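Report on the following structure.
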Amino acid sequence: MSRAAANFGVSLYSLGGSGGGGGGGTSYDRQLLNIPEAPGDTVEFRGWAAFGATLTQIRVYNAVTNTVGAFTLTITNNATGNTVLNAANFNMNTLVANTVTALTLTGTSSDLSFSTDDRWTVSLASDNAGLTASGIYVSLLFEAT
């Protein structure tokens, strides 16, 4: 069984440019997800690209690191059906509490490429009812193409 995640923030912004209001900057879409704990269960959050973009960064954080059972993160490009990470999943038990950690992305560029409205899924799975992790955040940064 999976439960939908709640509490997220989105920020669209542009950097650089030539000034004078004429644009010329690079646009970014940052998805910041506050994922609820789900001991012995899976939590999924589904989102989509606001515009044609390349996923350029994933960062994760937890206030308290899990010490009981397996706790894994999977992020999938739904258009390709493949992971956007360099491995099938990431072991969240390896995080250092209160530390933002950048994850390594796949080397397959098509799995990092999103057209407007292409969907992605973030999934956190716990295999133990005694899950001790809390304060879990996942940040995805997309750069306009």
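Which of the residues spanning region 60-83 are more than 21 Å from Ser126 (Cβ to Cβ) and either of a type in the set (D, E, K, R) or not in a strand (DSSP E or B) (or both)?
Asn78, Ala79, Thr80, Gly81
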Notebook entry, point to check: Just a yes or no: is a residue in region 121-128 farther than 20 Å from Asn34 by Cβ and more than 14 Å from the chain's Cα centre (by Cα)?
Noted result: yes
Item checked: Single residue of region 57-95 satisfying the filter (within 21 Å of Ser109 (Cβ to Cβ) and among the aliphatic types (A, V, I, L, M)) that is farthest from the chain's Cα centre (by Cα) -> Ala79
Notebook entry, point to check: Where residues in region 34-55 are under 11 Å from the mean Cα position of the chain (by Cα) and farther than 14 Å from Ala125 by Cα, which of them is surrounded by the most Cβ atoms within 10 Å (Cβ to Cβ)?
Noted result: Leu55
Margin query: Quick test for you: out of Ala97, Ala50, Ala38, Ala129, pick the one residue that is without any contact (Cβ under 8 Å) to a residue 60 or more places away in the chain and assigned to a loop (DSSP other than H, G, I, E, B).
Written below: Ala97
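Here are Thr67, Thr116, Thr80: which of them is in contact (Cβ under 8 Å) with a residue 12 or more places away in the chain, of a type in the set (Ser, Thr, Tyr) and surrounded by 14 or more Cβ atoms within 10 Å (Cβ to Cβ)? Outline the logic, then answer.
Numbers: Thr67 fails: surrounded by 14 or more Cβ atoms within 10 Å (Cβ to Cβ); Thr116 fails: surrounded by 14 or more Cβ atoms within 10 Å (Cβ to Cβ).
None of the other options fit; the residue is Thr80.
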Next item on the list: Among the residues of region 15-62, write down those that are of a type in the set (S, T, N, Q) and at pLDDT below 50.
Entry: Ser18
Next item on the list: Could you please let me know if Asp118 is under 17 Å from the mean Cα position of the chain (by Cα) and charged (D, E, K, R)?
Entry: yes
Margin query: I need a count of the residues in region 100-113 that are among the β-branched types (Val, Ile, Thr) and without any contact (Cβ under 8 Å) to a residue 24 or more places away in the chain.
Written below: 1
Note to self: Based on this model, can you work out whether Val68 counts as among the aliphatic types (A, V, I, L, M) and at pLDDT 95 or above?
What the structure shows: yes
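The values are calculated or read from the model by the stated rules, or taken from the named source; none is laboratory data. The shown structure was predicted, so the numbers you read here are calculated from the model rather than taken from an experiment. Please note: Cβ atoms are built from the backbone with ideal geometry, for glycine as well, and neighbour counts cover all protein chains shown.
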